[in-house]
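J.: To start, I am sharing the structure in question, which I have written as structure tokens.
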Amino acid sequence: MSVKQLKAELRLPSPISPVTPSWPGSEALSIAVKRDDLIHPRISGNKWRKLKYALEGAERQGVKQIVSFGGGHSNHLHALSFACHQLGIRLEAIVRGQYQNNLTSTLLDMRAWGAQLHFVTKVEYQRRTDAGYLNRLKAEFPQAAIIPEGGSQQLALKGVAELLAEQPLDFEHIVLPVGSGGTLAGLMTGLVHRPDIQVHGIGVLKGQGYLEDSVEQLIGEHAHSPNWRIHHGFHHGGYAKRSKQLEQFCRDFAQQTGIALEPVYSGKCFWAVKQLMAENVFAHGSRILMLHTGGLPDTRRNPN
Ligand SMILES: *Cc1c(COP(=O)(O)O)cnc(C)c1O
């Protein structure tokens with residue numbers, strides 16, 4: 001199928017739903033969720049936005065092979081595998097860790113969609129952005145386009161920024177999870193003329209300093225926009241680390257609002273909103289948009 005046909009299957013624009021969670025202080029605010037989790041059951045949330053222009057470019061240039069990177073549970077590789085399968089592109093997935101005898105559900109889906117899995121050690125994986133390493137990959141896969149981890153590259157920013165133009169942006173605050181920073185960087189490039197909107201990234205891993213640098217590098221000349229910051233107190237011990245309380249929070253939120261969360265990204269992000277609210281970070285009467293970036297495992301799994 002073509003990218004155009006693939007796009008016809010996506011739910012875009014994604015809706016914005018008002019929510020009224022029973023959090024202390026929430027009655028004084030107006031809270032809504034941008035439902036990017038509903039865009040597609042497999043090409044989940046922000047991953048479609050980040051990949052859109054890369055996939056269109058690949059189609060235009062007749063690229064039939066893509067190399068990309070991720071862990072054994074990577075939502076990016078999962079989304080990209082499905083898209084490549086649909087578009088007739090061969091995916092060479094460089095996977096961090098030795099999973100060959102112990103494939104995760106993500107890797108099983110990817111294999112079912114025809115992705116070629118290349119398992120590398122953590123040490124090799126650390127070299128994924130080194131020029132020398134990338135040159136070696138280019139020599140090994142000379143016809144391929146290389147997409148960085150998380151799909152976070154310059155080309156991703158425009159696709160992310162488009163989400164801001166889908167509805168009137170009647171908010172003082174936007175809150176979103178931050179993994180590699182591509183989504184936050186994309187939003188900031190789209191908000192250059194909106195100094196009235198504060199953007200709060202919620203770090204989902206221990207990344208103080210490193211995450212800010214990644215965002216600044218991606219947004220380049222807009223780096224010094226004062227309207228964004230990353231909150232580092234909500235990672236719950238690190239990437240994919242969770243607590244009983246966080247799991248309970250996700251269940252409670254789903255029960256109160258009908259919106260499912262997962263504990264790796266959206267759960268930590270929405271939990272943070274509840275805590276920031278308790279710390280009076282949001283002025284009385286503020287309108288807050290929480291970006292649900294997707295990533296729900298049970299909706300993304302390959303049914304076969
Ligand atoms: C990948 C991912 C993120 C992180 O986005 P970045 O652009 O890497 O910061 C957030 N939420 C979900 C559900 C994701 O899969």
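J.: Would you tally the residues in region 108-119 being without any contact (Cβ under 8 Å) to a residue 60 or more places away in the chain and away from the ligand (no atom under 16 Å from the Cβ)? Full working, then the answer.
T.: Pass one, region 108-119, residues without any contact (Cβ under 8 Å) to a residue 60 or more places away in the chain: 110-111, 114-119.
Remaining after also requiring away from the ligand (no atom under 16 Å from the Cβ): 111, 114-119.
Result for region 108-119: 7.
J.: Is it true that some residue in region 75-95 is within 16 Å of the ligand (Cβ to nearest atom), part of a strand (DSSP E or B), free of Cβ contacts under 8 Å to residues at least 40 places away in the same chain and surrounded by 18 or more Cβ atoms within 10 Å (Cβ to Cβ)?
T.: Yes - at least one qualifying residue is present in region 75-95.
J.: What pairs come out if I take residues in region 190-203 that are in contact (Cβ under 8 Å) with a residue 40 or more places away in the chain and assigned by the TED database to the domain that holds A240 and pair them with residues that are surrounded by fewer than 17 Cβ atoms within 10 Å (Cβ to Cβ) and part of a strand (DSSP E or B) whose C-beta lies under 9 Å away, six or more apart or interchain?
T.: So the pair list comes out as H200/R229.
J.: Scan region 41-53 and give yes if some residue there is at pLDDT 95 or above and more than 16 Å from the ligand (Cβ to nearest atom), otherwise no.
T.: No.
J.: Give just the number: which of (1) open to solvent by less than 30 Å² (accessible area, probe 1.4 Å); (2) within 30 Å of V273 (Cβ to Cβ); (3) not assigned by the TED database to the domain that holds V273 does V19 not satisfy?
T.: (3)
J.: Which is closer than 19 Å to G57 by Cα, within 20 Å of the chain's Cα centre (by Cα) and more than 10 Å from the ligand (Cβ to nearest atom), of K206, K158?
T.: From the options K206, K158, the qualifying one is K158.
J.: Moving on to the next point. Inspect region 128-141 for any residue being touching a residue at least 40 places away in the same chain (Cβ under 8 Å), at negative phi, open to solvent by 50 Å² or more (accessible area, probe 1.4 Å) and away from the ligand (no atom under 13 Å from the Cβ) and give the result as yes or no.
T.: Scanning region 128-141 turns up at least one residue that is touching a residue at least 40 places away in the same chain (Cβ under 8 Å), at negative phi, open to solvent by 50 Å² or more (accessible area, probe 1.4 Å) and away from the ligand (no atom under 13 Å from the Cβ).
J.: Just the residues that are surrounded by 20 or more Cβ atoms within 10 Å (Cβ to Cβ) and either within 14 Å of the ligand (Cβ to nearest atom) or among the acidic types (D, E) (or both), please, taken from region 272-290.
T.: A272, M290
J.: Based on what the data block shows, is G71 modelled with pLDDT of 95 or more, open to solvent by 10 Å² or more (accessible area, probe 1.4 Å) and more than 14 Å from the ligand (Cβ to nearest atom)?
T.: On the way: modelled with pLDDT of 95 or more: yes; open to solvent by 10 Å² or more (accessible area, probe 1.4 Å): yes; more than 14 Å from the ligand (Cβ to nearest atom): no.
No: the conditions fail for G71.
J.: I need a count of the residues in region 96-127 that are polar (S, T, N, Q) and surrounded by 18 or more Cβ atoms within 10 Å (Cβ to Cβ).
T.: Total meeting the criteria: 1.
J.: How about region 96-143: which of its residues are part of a helix (DSSP H, G or I) and within 23 Å of G295 (Cβ to Cβ)? Steps first, answer last, please.
T.: Within region 96-143, the first condition is being part of a helix (DSSP H, G or I), and the residues that meet it are 105-112, 122-125, 131-140.
Once the filter is applied, which keeps residues that are part of a helix (DSSP H, G or I) and within 23 Å of G295 (Cβ to Cβ), region 96-143 yields S105, T106, L107, L108, D109, M110, R111, A112, K122, Y125.
J.: Give the residues of region 28-40 that are touching a strand residue (DSSP E or B) at 6+ places or on another chain (Cβ under 8 Å) and more than 16 Å from the ligand (Cβ to nearest atom), sorted by residue number.
T.: Of everything in region 28-40, those that are touching a strand residue (DSSP E or B) at 6+ places or on another chain (Cβ under 8 Å) and more than 16 Å from the ligand (Cβ to nearest atom) turn out to be L29, S30, I31, A32.
The values are calculated or read from the model by the stated rules, or taken from the named source; none is laboratory data. These numbers were taken from a predicted model, which means no experiment stands behind them. Note: ideal-geometry Cβ built from the backbone for every residue, glycine included; neighbour counts use all protein chains shown. Accessible surface areas use protein heavy atoms only, side chains included; no ligands, DNA or RNA. Shrake-Rupley method; radii C 1.70, N 1.55, O 1.52, S 1.80 Å.
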